[in-house]
Amino acid sequence: MLTVNAYAATSPTDPLVPTTIQRRDVGPTDVLIAIRYAGICHSDIHTVRGDWGPIAYPQVVGHEIVGEVVEVGAEVSRHAVGDRVGVGCMVNSCRECENCRAGMENYCLRGNTQTYASVDRDGTVTQGGYSTHVVVDQDFVLRVPEAIPYEAAAPLLCAGITTYSPLAHWNAGPGKRVAVVGMGGLGHLAVKLAVAMGAEVTVLSQSLSKEADGRRFGASGYYATSDPATFEALANTFDLIVNTVSAPLDLGAYLRLLRLDGTMVNVGAPPEPLPIQVFTLFGNRRTFAGSSIGSIAETQEMLDFCAEHGIATEIELIDAAGINDAYERVLRSDVRYRFVIDTATLG
């Protein structure tokens, strides 16, 4: 076992604190990664604060991980010592169910093994990326292209694939009108990705405070959802709406922005149920859908796409001592657009 430095939550309410955790020995198909940077996702906060249900403490979160391979198991063929690699939201799956066999392990019917707060193959609880090292099976380790700045690559492993997957699945591209709800960590990447795919992109944000950024990222339209006139002006407009916010919305108002056969996809995960009036779907044959990250193959596709199109996350780099303050700022939407921890500061 390897003892490594980390930052952990000890309860739903107390600040995260420095600690040490144990990583398993490197097995035949495992890769030991020295973590360089770890992104802070809103999901981390939801998890440690019990918004999505009780968890076991202490818990180290973080599923936006990049680093270098420092050791490989005897049977590892996909990665070598010194490689730039990443780990996202999952570190294993059953590999036997219909979805896993189809290469969609993110939708494993038995539930994939999450990077943190999940039961690992040895029966222990997985611990995430707010740490100096992690051991992961080679099949769940991604290659990080040199063209992507190292620290800016970390959030792509969650925020990037979470938005890329629905954009790719619902064919965002030339001739398609795409709306992105929210201009946060996920939303700003959704804009960049959809623009690079060739779609006409509009941002729907609570205010116009980030309009200059949205247009710099390539959005051709930017509207404040706090203004009722927005929903009148944009009725029956979009082929695809990607909702990135983790808060309750008036779904009916947003669904009415869809044109014939349009789809609204939810990638944000608010703790409260989202009510929907079925009759709203009847008009224009609208669809309301959900999407959860992407497969390992699709995540690699996303990283390669970002490298090809010069897409990276807008980040604020912080020391480990700033994690608790960063959490409070995320809850106030006071970040442009993703906090990334320099894990060298973990000690």
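The values are calculated or read from the model by the stated rules, or taken from the named source; none is laboratory data. What you are looking at is a predicted structure, and each value in this text was computed from that prediction instead of being measured. All Cβ positions, glycine included, derive from the backbone under ideal geometry; neighbour counts span all protein chains shown.
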Q: Six or more apart or on different chains, Cβ under 9 Å: which pairs go from a residue in region 313-330 that's outside the structural domain of residue 189 (by TED's automatic domain parsing) and closer than 15 Å to residue 18 by Cβ to one that's surrounded by 13 or more Cβ atoms within 10 Å (Cβ to Cβ) and of a type in the set (S, T, N, Q)? Could you list them?
A: 318/345; 319/345; 320/5; 320/343; 320/345; 321/345; 322/345
Q: Considering only residues that are of a type in the set (A, V, I, L, M, F, W, C) and outside any loop (DSSP other than H, G, I, E, B), look in region 248-261 and name the one that is surrounded by the fewest Cβ atoms within 10 Å (Cβ to Cβ).
A: 260
(Q) For region 145-171, which positions are touching a Gly at 6+ places or on another chain (Cβ under 8 Å), of a type outside the set (S, T, N, Q) and crowded, with 24+ Cβ neighbours inside 10 Å? (A) 153, 154, 155, 156, 157, 158, 159, 161, 164
**Q.** Of residues in region 14-38 being more than 13 Å from residue 59 (Cβ to Cβ) and polar (S, T, N, Q), the one surrounded by the most Cβ atoms within 10 Å (Cβ to Cβ)
**A.** 29
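In the set 168, 179, which member is in a strand (DSSP E or B) and in contact (Cβ under 8 Å) with a residue 12 or more places away in the chain?
Details: 168 fails: in a strand (DSSP E or B).
Going through 168, 179 in turn, the sole match is 179.
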Q: Could you please find all residues in region 268-284 being surrounded by 13 or more Cβ atoms within 10 Å (Cβ to Cβ) and within 21 Å of residue 187 (Cα to Cα)?
A: 268, 269, 270, 271, 274
**Q.** Subset of region 61-79 [farther than 22 Å from residue 150 by Cα and either touching a Phe, Trp or Tyr at 6+ places or on another chain (Cβ under 7 Å) or in contact (Cβ under 8 Å) with a residue 60 or more places away in the chain (or both)]
**A.** 73, 76, 77
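Looking at the structure I just gave you, is residue 16 in the same structural domain as residue 342 (by TED's automatic domain parsing), within 21 Å of residue 154 (Cα to Cα) and in contact with a helix residue (DSSP H, G or I) (Cβ under 6 Å, 6 or more places away or on another chain)? Let's see the steps before the verdict.
Numbers: in the same structural domain as residue 342 (by TED's automatic domain parsing): yes; within 21 Å of residue 154 (Cα to Cα): yes; in contact with a helix residue (DSSP H, G or I) (Cβ under 6 Å, 6 or more places away or on another chain): yes.
Answer is yes for this residue.
Quick one: which residue in 330, 335, 265 is within 22 Å of residue 247 (Cβ to Cβ), surrounded by 17 or more Cβ atoms within 10 Å (Cβ to Cβ) and touching a His at 6+ places or on another chain (Cβ under 7 Å)?
Details: 335 fails: touching a His at 6+ places or on another chain (Cβ under 7 Å); 265 fails: touching a His at 6+ places or on another chain (Cβ under 7 Å).
Of 330, 335, 265, the one residue that is within 22 Å of residue 247 (Cβ to Cβ), surrounded by 17 or more Cβ atoms within 10 Å (Cβ to Cβ) and touching a His at 6+ places or on another chain (Cβ under 7 Å) is 330.
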